[in-house]
Structures are given as C-alpha cells and as structure tokens.
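Following: one structure in structure tokens, then a few remarks.
The values are calculated or read from the model by the stated rules, or taken from the named source; none is laboratory data. Values in this document were obtained by computation on a predicted structure and should not be read as measured data. Positions of Cβ are generated from backbone atoms using ideal geometry, with glycine treated the same way; all protein chains shown enter the neighbour counts. These area figures cover heavy atoms from the full protein model, side chains too; ligands, DNA and RNA do not enter into them. Shrake-Rupley method; radii C 1.70, N 1.55, O 1.52, S 1.80 Å.
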Amino acid sequence: MALVTRYVNTASSTGGDGTTNGTTGATRAYVSISEWNSAEATNLVSDGDSHLCYFSGSTVDSSQQTDTNNWTTGASNTLTLEGHPSSGSGANPTGIWSTSYYRNVSTGGSYTIKLSDSHITLRNLQFEHTSTKLLDANTSGTDCVLDSCIFQCGSTNSDIIKGRARMLIINSILDGQGDSQTCLSSEGADIEVYNTVLTAADEGVDCNAHTTLIVKNCAVFNNTDDFVAVHASTTIDYCASDDGDGTNSVDISPGGTEADGWAAAFTSYTTYDYSPKDASSVLVSAGLGSATDPNVPTEDLIGTTRSTSAPSIGAIEFVGTVTFIPTLTIY
C-alpha cells in the first residue's frame, strides 16, 4: 500500500499535476481544493492506497460545494486534507483565523465541503461560508475526523457543521460570527467533541437527533442557547457554558454581565482569540485529562502539549510563565 501525496497552493495556476508544492511547471500544485478533487478522486481501496493532500497559499480559495462522493475509502485506505505544516502559508500556527494562511471561503452554493465517504480527516485547515451550511458530514460517511480546524459561518439560518456521519471533532473552533443558526447540528450519528469552542450562534450544539453525542472539555458560550434538546444519550462533561450545562460544569459568565465573563476567560473573544486570558481564567486547569479519558487530545490547536491531569477547557491550552526571583542569604 502506498501513500499518495498531492499539493494545493493558491499561488499556483491551473494545469499542474499537484505532485509538488511548486507554483510553476507541469508538476506544480493544484490551485484550489476543487481542482484537486476533480483530478484526484479515485477508489483508494481498489488502488491499495491512502491519499494525503497538503494545502497552502495566502490567496483565498473560493471553491464551493467540494464533495468527496467520487472517492472510495476504507479503514486502511484513508483520505487526509491538511494544512501544509512547513510551507509558511499552510497550517495556521496562531489559533486565530488569519488571511496569511490557506483558507477556503465560499460565498455561494448550499455548502462549502461535504464529507460523503468514510475515513476522511481534515486537519489544520480554515473554512468559511457566508451563505448556507459550511460542512455537511453526510449519512453515508463514518469515522471522519475534524482536527485543529477553524470554521466560520456568518450566515443567518445556517449550520456550521451538519453532523450526519459518525465523527470526532477535536481542538477546533466553530464560530457563528453572531449569525449562524447552529454551530453543530447532531443529526442521527455518533459524534464526539473534545476541546472545541462553539460560539456566537443561535444554538451552540443541537443534540436533538443522534445515537450518542459526547461533548467534553468544550467552551460553548455566547449562543442564544448553548445546548438544545439534550436527552438521555447526550453526555456533556467538563464544559464551560453560560448555562451550567452538563456534569462538572464551569460557569463561563458568573457575573451579572455575561460579556464580562467572556472577556475574563479569553484573551480577546471579540477578535476571535479563544486562548485562555491568564492563570485566573475559569478555563485554566478545569478540564478532564487524558490520564482519565484517553480520548482527550494530548496536544492543542497550536501544538502545545496539554496537561494530562487537568488541562484547560477549549481548543488552546494555557501555558503559564513562572518567574524566578533569586534571593541572597547572608550568613
């Protein structure tokens, strides 16, 4: 079995074969996610391969309605889309939405990307949609992973993620920008969400229809309702919310004005910096560690190692600074 590696670089131009990250010549990178998908979709099972595509480029990728329905994957024949870890404009190392790194921004169509097959991973990528839903995890998909991604969707009556496939969401930010209908709509599948921020929507998590929904170590706040339609197969644990949802809950806005609590918890939630503000943030050391639950990610959105016993709630781990002041002892 081989690993097929391809590249998308928005500084390139159409017509390359995507086998390098270069921007000139026949082997130049694909210029967009849609060009890559059209050229590379295949039956990975019969090919005996897995496929990895690295994404980079500070020029926006405006592709819309990218659908993986022409791929065939399997447990040993996976598809991974990842921000390039070393290109300089691929994976965003800041944890804050940035136009300096690869991003797929769609302004039309009914979705930005649809996961129509199984065993698909999105890692270290940025997606935005300003029309309807952003990511559609289709009912035919299973075992999909969203790892360390930033999703923005500033569109009225839209969902950021429509979760109709069995999936794991970790270390990610789902930001409704004050307009979205729902950050995560759970619709009939097993979904696990760890160390993720879900904010600024009408509904943070719609728990209405699923087999099992597990939400742990997540910051779910500044939504009209943080958790909607919670029922017996929903687990909410060690989450920070405005409403004290779940067990081992953390009140992210304990004062009379909720915005004051959000400002004290995050470095700057108004500019989308969802890192813990300082050691006094209610998020710090308030989560469930991987020593207790092995599904807790051991690294955060920007690659910082988490505490295994009491990590920060949310996508970014707080790393305190210890100041050493020497003393002089006179005998």
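Rolling a 1.4 Å probe over the heavy atoms of the protein chains gives the chain an accessible area of 39 Å² per residue. SER58 sits among other residues whose Cβ lies under 15 Å from its own Cβ, and their net charge, with Lys and Arg +1 and Asp and Glu -1, is -1. Convex hull volume of the Cα atoms of the stretch 188-331, normalised per residue: 147 Å³. Listed by chain and number, the lysines whose alpha-carbon sits under 21 Å from that of LYS216, ignoring those within fewer than 8 places in the same chain, are LYS162, LYS277. For the stretch 268-295 versus the stretch 108-129, the spacing of their alpha-carbon centroids is 26 Å. For the stretch 208-223, putting each phi into the Karplus relation 6.51 cos²θ - 1.76 cosθ + 1.60 with θ = phi - 60° gives couplings of 4, 10, 6, 7, 9, 10, 10, 10, 9, 6, 9, 9, 10, 8, 6, 10 Hz, in residue order, rounded to whole numbers and with x for Gly and Pro. Split the accessible area of the stretch 67-225 by element, probe 1.4 Å, and carbon with sulfur accounts for 39%. Amide H contacts under 5 Å for ASP179: SER155, restricted to partners 5 or more places along the chain or on a different chain, H placed in the peptide plane at 1.01 Å from N. Distance between the modelled labels on SER76 and SER62, one decimal in nanometres: 4.4 nm (7 Å Cα→Cβ projection). From the Kirkwood radius over Cα pairs of the stretch 16-167, Stokes-Einstein at 25 °C and 0.890 mPa s returns a whole-number translational diffusion coefficient of 158 µm²/s. Between THR270 and THR23, what FRET efficiency follows from the Cβ-Cβ distance if R0 is 35 Å, with the result rounded to 0.05? For R0 = 35 Å, the calculated efficiency reads 0.45. Summarising the amide proton neighbourhood of TRP97: residues at separation of 5 or more, or on other chains, whose placed amide H is nearer than 5 Å comprise an empty set.
THR72 exposes around 60 Å² of accessible area when a 1.4 Å probe is run over every protein chain in place.
Counting every C-alpha pair in the stretch 256-309, the share spaced more than 17 angstrom apart comes to 46%.
Annotation: extensible slack from SER280 through THR308 equals 8.1 nm (criterion: 0.36 nm per residue apart, minus Cα-Cα distance). Extending 7 Å from Cα along the Cβ direction at SER140 and again at ASP243 yields two label points whose distance is 3.5 nm.
May I have the pair-distance distribution P(r) for the chain, computed from all Cα-Cα distances with 10 Å bins from 0 and rounded to whole percent? Each 10 Å bin holds this share of Cα pairs: 6, 26, 34, 21, 8, 2, 1, 0. Here the convex hull built on the C-alpha positions of the stretch 1-91 has a volume of 92 cubic angstrom per residue.
Near ILE214, the amide H atoms lying under 5 Å from its own belong to ILE191, GLU192, VAL193, THR235; only residues 5 or more places off or on other chains count, and H is placed 1.01 Å from N. Across the stretch 80-97, computed HN-Hα scalar couplings (Karplus, 6.51 cos²θ - 1.76 cosθ + 1.60, θ = phi - 60°) run 10, 10, 9, x, 4, x, 9, 7, x, 9, x, 5, 7, x, 8, x, 10, 3 Hz from first to last residue, x flagging Gly and Pro.
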